[in-house]
1. Using the structure shown, decide if Asp84 is at pLDDT 95 or above and not in a helix (DSSP H, G or I).
2. Arg246 versus (1) surrounded by fewer than 16 Cβ atoms within 10 Å (Cβ to Cβ); (2) more than 16 Å from ligand 1 (Cβ to nearest atom): which is the lone unmet condition?
3. Somewhere in segment 311-319, is a residue crowded, with 22+ Cβ neighbours inside 10 Å and in contact (Cβ under 8 Å) with a residue 40 or more places away in the chain?
4. Looking at Ala288, Ala284, Ala296, which one is buried (at least 24 other Cβ atoms within 10 Å of the Cβ), of a type in the set (Gly, Ala, Ser) and touching a Lys or Arg at 6+ places or on another chain (Cβ under 8 Å)?
5. Pairs, please: C-beta under 6 Å, at least 6 apart or cross-chain, first residue in the same structural domain as His122 (by TED's automatic domain parsing) and among the aromatic types (Phe, Trp, Tyr) and in segment 145-171, second at pLDDT 95 or above and not in a loop (DSSP other than H, G, I, E, B)?
6. If a residue must be in a strand (DSSP E or B) and within 16 Å of ligand 2 (Cβ to nearest atom), how many such residues does segment 6-58 contain?
7. Looking at Pro293, Pro231, which one is within 15 Å of ligand 1 (Cβ to nearest atom) and touching a residue at least 60 places away in the same chain (Cβ under 8 Å)?
8. Which is within 12 Å of ligand 1 (Cβ to nearest atom) and in contact with a Pro (Cβ under 9 Å, 6 or more places away or on another chain), of Val127, Val139, Val121?
Amino acid sequence: MKVQVCIIGGGPSGLLLSQLLHLQGIDTVILEKSSREHVLARIRAGVLEHGFARLMREAQCGERMDREGEIHNGFHIAHDGVLDHVDLHKYSGGNSVLVYGQTEITRDLYEARDRLGGKVVHEAEDVTPHDIDSEKPFVTYRTAGATVRVDCDYVVGADGFHGVSRKSIPKHKLTEYERVYPFGWLGVLSRTRPVSSELIYVKHERGFALCSMRSQVLSRYYIQVPLTDKPADWPDEAFWVELKRRLPTEVAGRLITGPSIEKSIAPLRSFVAEPMRYGRLFLAGDAAHIVPPTGARGLNTAASDVYYLYHALLDHYKKGDDRGLDDYSARALARVWKAQRFSWWMTMLLHRFPDRLSYDDRLQQTDMAYLFSSEAALRSLAENYVGLPF
Ligand code: RFL
Ligand code: PHB
């Protein structure tokens, strides 16, 4: 098989890039190691920036998102017995975020790829990039016992944190920056009415909690748990009891509980690999960087990578201009690091660290007190949460 761009990974990054390039007449193939059902069973992001939404519309995939997604003009932070409000609209100069699940985004992108006859290979085994530092890279994969070779101009590694692309770059060519947090998030999806019309982030002495949603009939809740916990340690009843203990009494009183339809634990990690390019391989999304979900930045940062890479590839193919490709890593990383900083800050503000000093507790309380006493601090939070420009 011969294509212009071979994309490894059929998550939102790979699908969105492939769809945008296809609409410009640039030929791609997506090699995804899992089945479509498996990819669509993952419950991940819920909060989208308008920059991401614009890109979905440009990819002709925005119709259902615009119909079913909910605009959120603010969110709450519960702490020290009070429920404070962050008015995103007011403090970001009229901006907001969109609540629409990553599962739905991915479904819409798959449908669009099918509509245009896009090439998506599922259950591609042993996907391996070759000769990425040459003019003629290629990728091989196995399917039904046979090995298939894909010749291409460029390879895009959009295969997430555990993918093969980043690992195929020689170790001495990459610098990796990492912080692993000593806890995870236990998430529960339930077919119940959300407890609040806006998200509630909770800082509590028993640990962080978050009340989120996917729609008016589908709720998503999280609690901070030790890394040693497994979902099986948390029967539904135990989860709801613990969540209620962390919520302000008035909120806990109106929480509607129900059977979980998904329950999983995500470890929290900050990670960046630099640079995001090696030869003819470009990394995008979680393949190059990870944030803890506290600031709702992961998918949104993947979208800015896709935006820069899409325009760089367009300039290459339409104008013979390679400046975008040459600048891709530096441009993407400038925004990536700002998302890292913000996600780290939100995580430090809201979680209970097992090994903290009493000094750290006082700093955390002071950070919160400062936030709700300073318009400048609220502006900074709002500006980052709705998404920095790209
Ligand atoms: P993905 O989604 O991991 O997709 C990568 C795809 O590559 C495939 N793959 C391979 N394919 C071929 N060969 C291989 N060797 C392969 N190895 C892997 C995988 O099967 C997969 O299909 O990466 P992508 O596309 O870069 O998308 C990134 C986002 O998924 C991620 O950043 C977000 O989910 C992060 N995130 C959030 N981001 C937001 O912007 N807003 C949020 O509100 C938000 N909430 C969250 C989140 C992530 C969470 N978890 C579970 C980590 C909440 C949670 C709990
Ligand atoms: C979610 O709804 O899954 C969600 C929302 C906001 C976050 C993280 C996750 O910061």
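The values are calculated or read from the model by the stated rules, or taken from the named source; none is laboratory data. Not measured: the values here are computed from a predicted model. Ideal geometry is used to build each Cβ from the backbone, glycine not excepted, and the neighbour counts take in all protein chains shown.
1. yes
2. Every condition holds for Arg246 apart from (1).
3. Within segment 311-319 (the criterion being crowded, with 22+ Cβ neighbours inside 10 Å and in contact (Cβ under 8 Å) with a residue 40 or more places away in the chain), the answer is yes, since at least one residue qualifies.
4. Ala288
5. Here the result reads Tyr154/Val5; Phe161/Asp286; Phe161/Ile290, each pair linking segment 145-171 to a residue that is at pLDDT 95 or above and not in a loop (DSSP other than H, G, I, E, B).
6. Count: 2.
7. Criteria check complete, one pass: Pro293.
8. Checking each option against the conditions leaves just Val139.
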